[in-house]
Amino acid sequence: MLTNARQTAIVGIGATEFSKESGRTPMRLAVEACLAACADAGVDPSQVDGMSLFSMERNHEIEVARNLGIDELRFFSMVNHGGGGGCATVAMASMAVHSGAADYVLAYRAFNERSWRRFGTGVAGHHTGHEADDVSYSWTSPFGLVTPAQWAAMFATRYMHDHGATSEDFGRIAVADRRHAANNPAAFFHGRPITLAEHQESRMIADPIRLLDCCQESDGGQALLITTLDRARDLAQRPAVIGAAAQGVAGGQWMMRSYYRDDITGLPEMGVVARQLWKSTGLGPTDIQTAMLYDHFTPLVLPQFEEFGFCGPGEAKDFIADGAIEIGGRLPINTNGGQLGEAYIHGMNGIAEGVRQVRGTSVNQVDDVTNVLVTSGSGVPTSGLVLTTEGP
Amino acid sequence: MDTGADTGMVADWETLRSLVGLTGQPTIAPVAVSADVVSMWCVAMGVTDPAYVDGAAAPPAMLDVWSMVGLDAGIGATATTDDPHHRAYGMLSEAGFTGVVATNSDQSYDRLLQPGDQLTRHTTLASVSDRKRTALGEGHFVTTESEFRDHAGDRVGTLRFTVFKFRPVSGGPGGGDSGAPSPERPRPRWNADQAWHWEGLRDRELRIQRFPSGRLVHPPQVTDPATGEPAGGPETAGHHDWVVASGDATLHSWTVTRHPPHPAFPQPNVVGLVELAEGVRLVTNVVGVPPERLAVGMPLVLDFHETHEDVTLHRFRPVVPPRHDRRRPADEVAVGDRLPLTPIDVTVDQVTGGAVATRDPQDVHHDPAAARDKGLPDVFMNILTSTGLVTRWIGDWAGPGAVLDSVRIGLGSPTHPGDLLTLDGSVTSVADGSTIEVAFTGRTERGTHVHGTATVVLPDSGPTSASGSGG
């Protein structure tokens, strides 16, 4: 049971535009996003005394703090494992403000992942040392398994075999995301929905993952501002209460290559997160009106429904059928368009969309939202959170 | 790509074209059908069918071996008879089209040949193409049609044969390999905790970590996950114990890496997650399986290949079933039946031994320097060996009593020592109750080496003699 459950809130969100070429440096994107989050909340940047980052962030907190004119940082942390750490930045910030380690904490991601270094090209040529981190890639990279899509594909093939899922089932995730993105002026794919047939015609990237199963590397920045619920009530926006935020690693954990577990079709680290969130909030799957599920590759969205108990193991293909995950369905997901449709900002934009759903300001607003589930990277050490309208 | 009727390189194009349709003098095969030559051919092709190994009959695909001049004649490609097709070859060579590769061979057989048969060959120059451009360079396709007759004058088989006479591209193989260094395959990194595993691979053994509890673990760890004991036990921490994998495995999952392509890997590159018979999994490459034939659960067997000066990696290939040892009557065969995927290591021995066994004198099949002079990176497999291997593979699947009736072969990219040639095929028709057609391809990492069809007469289901009388 997390003692900070329902005690803290996301009070500000701020983003740059999302694009394939921002035309400016990642540091500018980071500062713009942070300033926008502070302005959204009505908090002066000088009041910020904590920064919560996750790895692969190259705009370090001291650089951003200098640019924001922050005199003292009392709390700063960096969660490991890239995209798995998105919601964990909120967990760290929540713990920090709840404990008094800091009053206002900024969490952010900003990069030119498309126009500078493309993330999807993989790790060939990296990891040339002899530490455990380098050596861990020796079991995959020499065989040509070097990109995130390729790592994810190995899970997807077995998931299809064991559970009877098809490429069309993966495609339904992409169709839902792109339908939602089509309504979102901020989305990369605004006005550009896709059909299942278009998904099926898209080229193979790493069998069975097709082009339209993949998020696209993006340029952009997204920041969040977190403080206590007491302070939140005096700020500019309706608080998005952090019902709970938690991390998870499970046995046999590797970074996107947990291939040696008895069953490789689940995401047990996501199960670790799910159990903490349900226990700490007292909520369950039927209490969730909409979910922002990490969607760098569609096949790894399906087991998230299963780990959180929306359906049984292997049943996600049935759960998502018939438009269930689209606006108007029983659990609309990724109402901003997700990372397939809005932008791939390592999941931080999904947290911001969760905040908008709680505020009632999404372009694809779901009716009567009280609780939103948000997850971070799948297949990696991960995290998740529940945002809610309700305080203690 | 057709470059039109630009024939300026050949001095007397009209004379060359006037030879088309003419038939040369009958030539008597330099060797009679003999059990010894059959035996050597069977060894080179891997034939184990007693109907042929025992010397009672010659495998049908040896049809034109008997009329080949043989390596010891030493006259290479420059035979200078007045026959129309030899004159055509000579005129093209003089015009600079000195390279030669076979591209098509359509054989049909009237009866099985027995030791003592003495053949006579009648060859007609069937066509000479306009100048064409291929991956090898520019040149002309020359097609001959031959009939083979026995001493009684009866036809025993026919052969339609096409070669490409081309102008070698200087500076390397015509396939576009410019010799520019390609980026290195990512190399494994190790430290003292895993060095024993990589050292084992260099000795061509796949080592799996074994803890004192008997538990096997891969990838290696420094402690037993079940007991917390250090590798090697408390007294010998730092010493690593292992078992050597048997090499048997099944495919647990797989992907084909396509985009972005990494230049150090073949395209497509198959990465498999295999479960070893010992119960641990590892990521590896799967070779010899076209992507459309990958299937979770398929049996695989261990193989090794050197990738760097100091690195040998494991890879896995399909398990090849043994020769079908009972009759396979046509009513047990259906359209769509797959023949077993069969990878064949293309070695120097296979290429040169095949050339010798098929009595092929062309230097490009046994002399690497000659091959390079003619624009190829190394010696390459001759079409008669490709034909022999394909027909042996079909015969092993078809089983005792099956007799090859005809085979049509088209060659694509040449195959060289070091390649893995994987044969794949399926039944495309079942007719007359006993004659079936098989369509096949043989692929290497360079592309499709061989493709074609074969017709086979399957035996009745009754227990008659295995060595049939021919189609």
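Here is how the numbers come out for the structure above:
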{"item": "Gyration tensor (alpha-carbon) shape descriptor, region B:249-390, a/c threshold 1.5", "result": "oblate"}
{"item": "Distant alpha-carbon pairs in region A:211-260 (separation over 16 angstrom), percent", "result": "69 percent"}
{"item": "Region B:262-342: trypsin sites (Lys or Arg not before Pro) in DSSP loop, at most 14 other beta carbons within 10 Å", "result": "B:326"}
{"item": "Principal semi-axes in Å for region B:325-461 [√(5λ), Cα gyration tensor, largest first]", "result": "31, 14, 12"}
{"item": "Choice from A:332, A:381, A:185 with maximal GNM fluctuation in chain A (Cα, 10 Å cutoff)", "result": "A:185"}
{"item": "Rounded tilt (10° steps) of B:35-45 against the dominant C-alpha axis of chain B", "result": "40 degrees"}
{"item": "Cleavage-rule hits, GluC sites (Glu not before Pro), region A:14-116, DSSP coil, Cβ neighbours within 10 Å at most 11", "result": "A:21, A:72"}
{"item": "0 to 90° range, to nearest 10: angle between helix B:383-398 axis and chain B longest Cα axis", "result": "60 degrees"}
{"item": "Translational diffusion coefficient (Stokes-Einstein; Kirkwood radius from C-alpha pairs) of region B:189-334 at 10 °C, 1.306 mPa s, in µm²/s", "result": "92 µm²/s"}
{"item": "Dipole magnitude of region A:265-392 about its Cα centre (Cβ charges: Lys, Arg +1; Asp, Glu -1), debye to nearest 20", "result": "280 debye"}
{"item": "Share of alpha-carbon pairs per 10 Å distance bin for region A:270-392, given as whole %", "result": "14, 50, 34, 2"}
{"item": "Alpha carbon centroid spacing (whole Å) that separates region A:161-217 from region A:1-53", "result": "29 Å"}
{"item": "Measure of compaction for region B:253-325 (Cα Rg per 2.2 N^0.38 Å)", "result": "1.19"}
{"item": "Footprinting exposure proxy for B:42, A:214 (fewest neighbouring C-beta atoms within 10 Å first)", "result": "B:42, A:214"}
{"item": "Kirkwood Rh, Cα atoms: Rg over Rh of region A:105-183", "result": "1.08"}
{"item": "Estimated D of region B:297-343 in µm² per second, where Rh is the Kirkwood radius over Cα pairs and Stokes-Einstein applies at 20 °C, 1.002 mPa s", "result": "154 µm²/s"}
{"item": "Intensity falloff of region B:6-47 expressed as log10 I(q)/I(0), Debye formula with alpha-carbon point scatterers, at q = 0.16, 0.26 Å⁻¹", "result": "-0.66, -0.94"}
{"item": "Computed magnitude of the charge dipole of the protein assembly as shown (debye, nearest 20; Cβ of K, R +1, Cβ of D, E -1)", "result": "1120 debye"}
{"item": "Cα-based Kirkwood hydrodynamic radius, region A:292-346, one decimal, Å", "result": "11.5 Å"}
{"item": "Residues B:346, B:53, A:90, B:280, sorted so that the one with the fewest Cβ neighbours within 10 Å comes first", "result": "B:53, B:280, B:346, A:90"}
{"item": "All lysines inside 17 Å of residue B:165 as judged from Cα atoms, apart from same-chain residues fewer than 8 positions distant", "result": "B:132, B:374"}
{"item": "Distance from region B:385-453 to region B:89-134 (C-alpha centre basis), Å", "result": "20 Å"}
{"item": "For q = 0.14, 0.21, 0.27 Å⁻¹, Debye-computed log10 I/I(0) when each Cα of region A:20-81 counts as one equal scatterer", "result": "-0.41, -0.89, -1.26"}
{"item": "Whether the protein assembly as shown is rounded, prolate or oblate, judged on the alpha carbon gyration tensor where a/c under 1.5 counts as rounded", "result": "prolate"}
{"item": "Range of Cα positions in region B:24-151 per principal axis (Å), largest first", "result": "47, 32, 28"}
{"item": "Cα gyration tensor shape of chain A, rounded if a/c is under 1.5, else prolate or oblate by comparing a/b with b/c", "result": "rounded"}
{"item": "Relative counts (whole %) of C-alpha pair distances in region A:116-259, using bins that are 10 Å wide", "result": "9, 25, 30, 25, 10, 1"}
{"item": "GluC sites (Glu not before Pro) lying in DSSP loop within region B:206-284, provided at most 13 other Cβ fall within 10 Å", "result": "none"}
{"item": "The protein assembly as shown - mean residue ellipticity at 222 nm from DSSP helices (-39,500 (n - 2.57) per run, n ≥ 4, rounded to 500)", "result": "-6500 deg cm²/dmol"}
{"item": "Net dipole in debye of chain B [+1 Lys, Arg Cβ; -1 Asp, Glu Cβ; about Cα centre; nearest 20]", "result": "700 debye"}
{"item": "Order of B:91, A:1 under a 10 Å beta carbon neighbour criterion, fewest first", "result": "A:1, B:91"}
{"item": "Spread of Cα-to-Cα distances over 20 Å intervals beginning at zero, given as percent, for chain B", "result": "21, 48, 25, 5, 0"}
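Readers should treat all values here as calculations from the given coordinates under stated rules, not as data from a laboratory. The structure displayed is predicted, hence computed values, not measured ones. FYI the Cβ positions are ideal-geometry reconstructions off the backbone, even for glycines, and counts take in every protein chain you see.
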